[in-house]
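Colleague: What follows is a structure written as structure tokens; I'll ask about it next.
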Amino acid sequence: MPQSLANALMHIVFSTKERRALLQVSGLREEMHRYLAGVSAKLDCPAVTVGGTSDHIHLLADQSRTIALAEWVKELKRASSLWAKKRDPQWSLFQWQAGYGAFAVSHSQKSRVWQYIDSQEEHHRRLSFQDELRQLLAKHNITFDERYVWD
């Protein structure tokens with residue numbers, strides 16, 4: 001095949017370091033979401049939606065065929081951490097957790113995942129971030145060790 005083609009929709013989840021509620025100010029959180037979408041777009045991974053709560057992010061985006069998942073997430077975190085530290089004094093110590101969760105999404109489920117991400121505030125009135133991530137990992141048959149998931 002002379003041409004490389006791909007269509008990979010990814011749901012990426014990561015938290016602030018120690019799940020600190022650094023994104024609790026709604027306006028700043030929305031700016032962070034827009035910034036992450038912009039970084040992702042520059043990497044040729046256009047975001048469908050970005051959401052989350054005061055301590056974590058969900059990103060639904062099309063992964064480019066030219067970037068590895070780990071490099072994509074690394075650059076999202078690097079660029080947004082630098083931006084946050086310059087953006088607001090209250091974020092001078094801003095950090096993301098070391099790891100992340102990434103889940104392939106069928107295009108038939110795109111609307112469902114999109115709605116799920118956009119309703120994070122409501123969702124987390126009933127469920128903690130840790131329980132949410134445990135459910136996502138179980139749903140996608142990802143084995144994990146609790147000792148190494150939380151930082």
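Colleague: Which number in (1) without any contact (Cβ under 8 Å) to a residue 40 or more places away in the chain; (2) over 29 Å from Ser4 (Cα atoms); (3) of a type in the set (Gly, Ala, Ser); (4) in a helix (DSSP H, G or I) marks the one condition that Ala37 misses?
Modeller: Exception for Ala37: condition (2).
Colleague: Out of the residues in segment 23-38 that are touching a helix residue (DSSP H, G or I) at 6+ places or on another chain (Cβ under 6 Å) and crowded, with 20+ Cβ neighbours inside 10 Å, which is modelled with the highest pLDDT? Write out each step before concluding.
Modeller: Taking segment 23-38 and keeping what is touching a helix residue (DSSP H, G or I) at 6+ places or on another chain (Cβ under 6 Å), we get 23, 35-36.
Next, from what is left, pick out any that are crowded, with 20+ Cβ neighbours inside 10 Å: 23, 36.
Working: Leu23: 88, Leu36: 98.
Once the filter is applied, the top-ranked residue is Leu36.
Colleague: Suppose we filter Ala70, Ala98, Ala104 for residues that are surrounded by fewer than 14 Cβ atoms within 10 Å (Cβ to Cβ) and in a strand (DSSP E or B); which single one remains? Spell out the reasoning first.
Modeller: Values: Ala70 fails: in a strand (DSSP E or B); Ala98 fails: in a strand (DSSP E or B).
None of the other options fit; the residue is Ala104.
Colleague: If you check every pair at least six apart or on different chains, which have Cβ atoms under 7 Å apart with a residue in segment 129-150 that is over 23 Å from Ala21 (Cβ atoms) first and a residue that is modelled with pLDDT of 75 or more and surrounded by 13 or more Cβ atoms within 10 Å (Cβ to Cβ) second?
Modeller: Once the first residue is over 23 Å from Ala21 (Cβ atoms) and sits in segment 129-150, its partners that are modelled with pLDDT of 75 or more and surrounded by 13 or more Cβ atoms within 10 Å (Cβ to Cβ) give His140/Phe103; Phe144/Leu137.
Colleague: Sort out which residues of segment 84-95 are more than 16 Å from the chain's Cα centre (by Cα) and either part of a helix (DSSP H, G or I) or modelled with pLDDT of 95 or more (or both), and write them in order of number.
Modeller: Lys85, Lys86, Arg87, Pro89, Gln90, Trp91
Colleague: Take the conditions out of contact with any Asp or Glu (no Cβ under 6 Å at 6 or more places or on another chain), within 20 Å of Gln24 (Cα to Cα), at pLDDT 95 or above and of a type in the set (Lys, Arg) and apply them to Lys77. Does it pass?
Modeller: Details: out of contact with any Asp or Glu (no Cβ under 6 Å at 6 or more places or on another chain): yes; within 20 Å of Gln24 (Cα to Cα): yes; at pLDDT 95 or above: yes; of a type in the set (Lys, Arg): yes.
Here the answer is yes, as Lys77 does meet what is asked.
This table checks each residue for (1) in contact with a Ser or Thr (Cβ under 7 Å, 6 or more places away or on another chain); (2) surrounded by 11 or more Cβ atoms within 10 Å (Cβ to Cβ); (3) among the polar types (S, T, N, Q); (4) on the phi > 0 side of the Ramachandran plot.
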{"site": "Ala84", "(1), (2), (3), (4)": "no, yes, no, no"}
{"site": "Lys110", "(1), (2), (3), (4)": "no, yes, no, no"}
{"site": "His123", "(1), (2), (3), (4)": "no, yes, no, no"}
{"site": "Arg126", "(1), (2), (3), (4)": "no, no, no, no"}
{"site": "Ala138", "(1), (2), (3), (4)": "no, yes, no, no"}
{"site": "Asn141", "(1), (2), (3), (4)": "no, no, yes, yes"}
{"site": "Phe144", "(1), (2), (3), (4)": "no, yes, no, no"}
{"site": "Tyr148", "(1), (2), (3), (4)": "no, no, no, no"}
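The values are calculated or read from the model by the stated rules, or taken from the named source; none is laboratory data. None of these values were measured; they are calculated from a predicted model. Ideal geometry is used to build each Cβ from the backbone, glycine not excepted, and the neighbour counts take in all protein chains shown.
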